[in-house]
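**Q** Here it is, the structure in full.
The values are calculated or read from the model by the stated rules, or taken from the named source; none is laboratory data. Computed from a prediction, not measured in an experiment: that's the story for all the values here. Counting neighbours? That spans all protein chains shown, and the Cβs are built from the backbone with ideal geometry, glycine included. Only protein heavy atoms, including side chains, enter the accessible area calculation; ligands, DNA and RNA are left aside. Shrake-Rupley method; radii C 1.70, N 1.55, O 1.52, S 1.80 Å.
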Amino acid sequence: MNDVLLSLLLGLVEGLTEFLPVSSTAHLRIVEALLHLDLHDAYWKMYTIVIQLGAILALPVYFWHRILKFLSTFPRGEGGDRNVFTHPLGFTLIAFVITAIPAFLLKKQIGQNLENLWVMAWALLIGGVIMWLVDALCRHSLVEQMEDMTLPQAAWIGFAQIASAVFPGTSRSMSTIAAGEIAGLTRSAALEFSFFLSMPTMVVATGYDLLKTILPHRHADTENLAPLVMTGHNWVVLAIGFVVSFIVALGVVAWFMNWVRARGFGLFAIYRIALATVLFWLLWRGGV
């Protein structure tokens with residue numbers, strides 16, 4: 001496939017799936033397998049990280065007014081009754097730390113799972129069932145916005161996000177949204193906190209991966225994946241993927257917030273189960 005068309009496709013897939021509870025990692029791996037692509041060389045490794053950064057940028061752009069509000073009221077909050085640990089930004093940081101430490105310690109296992117489509121298929125299926133059950137049963141939520149959360153709720157959501165890091169295909173959004181609903185958050189509150197938690201989590205994770213690809217390593221057993229030379233064509237392909245991912249992700253975030261308030265997550269649970277079924281069939285047939 002032409003590099004420009006491939007960049008458009010991958011940027012579209014990343015932008016569409018990064019913040020929906022369907023797993024962008026699984027979708028990119030499925031596209032790679034179905035089209036018999038090899039995205040493991042130096043350039044395409046860096047490319048997939050950069051387009052994810054493009055998707056991440058959509059969040060601060062969309063939530064800029066909420067971010068400014070939280071920054072201006074930190075740490076006391078609007079009512080003056082909060083502190084560093086009970087402010088919405090404090091909740092976000094605490095949940096991030098709870099996720100980040102185990103994810104860093106388990107990075108070798110995570111790397112192995114990223115190459116295993118069977119793991120992704122099971123994660124898609126189990127996550128879909130969990131999301132459907134949670135959305136159907138958790139109807140008496142009391143927390144309507146992030147400002148009303150508690151520290152135990154934030155810690156629980158951070159703990160739940162570990163599953164998405166260890167088992168690709170689980171989806172960061174799915175794990176945090178489902179955990180939020182179980183903890184008593186409304187759908188919209190759980191989704192908003194999921195988005196806020198995504199910002200530090202994804203920036204650190206993708207930033208760490210990007211540094212690994214572009215910086216020389218001292219250890220002989222660690223491969224430096226960075227391309228030594230970037231041509232003009234390489235830069236154009238990279239820019240296309242980044243811009244497409246950002247624009248599509250921005251539209252998806254706006255649409256998803258409105259959809260969830262009115263309709264919930266049932267459609268995405270059904271999609272996950274259907275996709276897992278197709279992926280199991282393809283794996284069994286040897287099609288991927």
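**Q** Ser72 fails exactly one of the following numbered conditions: (1) over 25 Å from Val260 (Cα atoms); (2) touching a residue at least 12 places away in the same chain (Cβ under 8 Å); (3) polar (S, T, N, Q); (4) open to solvent by 40 Å² or more (accessible area, probe 1.4 Å). What is the number of that condition?
**A** The one condition Ser72 does not meet is (2).
**Q** Select from the stretch 104-137 the residues that are open to solvent by 20 Å² or more (accessible area, probe 1.4 Å) and small (Gly, Ala, Ser) and list them in ascending order.
**A** Scanning the stretch 104-137 gives Gly111, Ala136.
**Q** Another question about this same structure. Of the numbered conditions (1) open to solvent by less than 50 Å² (accessible area, probe 1.4 Å); (2) within 21 Å of Gly180 (Cα to Cα), Ile101 fails exactly one; give the number of that condition.
**A** Among (1) open to solvent by less than 50 Å² (accessible area, probe 1.4 Å); (2) within 21 Å of Gly180 (Cα to Cα), Ile101 violates only (1).
**Q** Residues in the stretch 261-279 that are surrounded by fewer than 21 Cβ atoms within 10 Å (Cβ to Cβ) and either in a helix (DSSP H, G or I) or more than 20 Å from the chain's Cα centre (by Cα) (or both): how many? Even if it seems obvious, please write down each step before you answer.
**A** Filtering the stretch 261-279 for residues surrounded by fewer than 21 Cβ atoms within 10 Å (Cβ to Cβ) gives 261-264, 266-267, 270-271, 273-274, 277-278.
Retained after the next criterion (residues that are either in a helix (DSSP H, G or I) or more than 20 Å from the chain's Cα centre (by Cα) (or both)): 261-263, 266-267, 270-271, 273-274, 277-278.
Qualifying residue count for the region: 11.
**Q** Is there a residue in the stretch 280-287 that is out of contact with any helix residue (DSSP H, G or I) (no Cβ under 8 Å at 6 or more places or on another chain), modelled with pLDDT under 95, among the aromatic types (Phe, Trp, Tyr) and assigned to a helix (DSSP H, G or I)?
**A** yes
**Q** Being within 19 Å of the chain's Cα centre (by Cα) and under 24 Å from Ser188 (Cα atoms) narrows it down to one residue among Met131, Met120, Met149; which is it? Spell out how you get there, then give the answer.
**A** Working: Met120 fails: under 24 Å from Ser188 (Cα atoms); Met149 fails: within 19 Å of the chain's Cα centre (by Cα).
Within the list Met131, Met120, Met149, the selection yields Met131.
**Q** Restricting the search to the stretch 230-250, which residues are closer than 19 Å to Arg172 by Cβ and either without any contact (Cβ under 8 Å) to a residue 60 or more places away in the chain or open to solvent by 10 Å² or more (accessible area, probe 1.4 Å) (or both)?
**A** Just the residues of the stretch 230-250 that are closer than 19 Å to Arg172 by Cβ, to begin with: 245-246, 248-250.
Residues satisfying the conditions are Phe246, Val248, Leu250.
**Q** For the stretch 18-47, what are the residues that are open to solvent by 40 Å² or more (accessible area, probe 1.4 Å) and of a type in the set (Val, Ile, Thr)?
**A** Matches in the stretch 18-47: Thr25 only.
**Q** Then there's this: Give Ala183, Ala154, Ala205 a once-over and let me know the one that is open to solvent by less than 60 Å² (accessible area, probe 1.4 Å) and under 19 Å from Val22 (Cβ atoms). Reasoning before the result, please.
**A** On the way: Ala183 fails: under 19 Å from Val22 (Cβ atoms); Ala154 fails: under 19 Å from Val22 (Cβ atoms).
So the residue among Ala183, Ala154, Ala205 that is open to solvent by less than 60 Å² (accessible area, probe 1.4 Å) and under 19 Å from Val22 (Cβ atoms) is Ala205.
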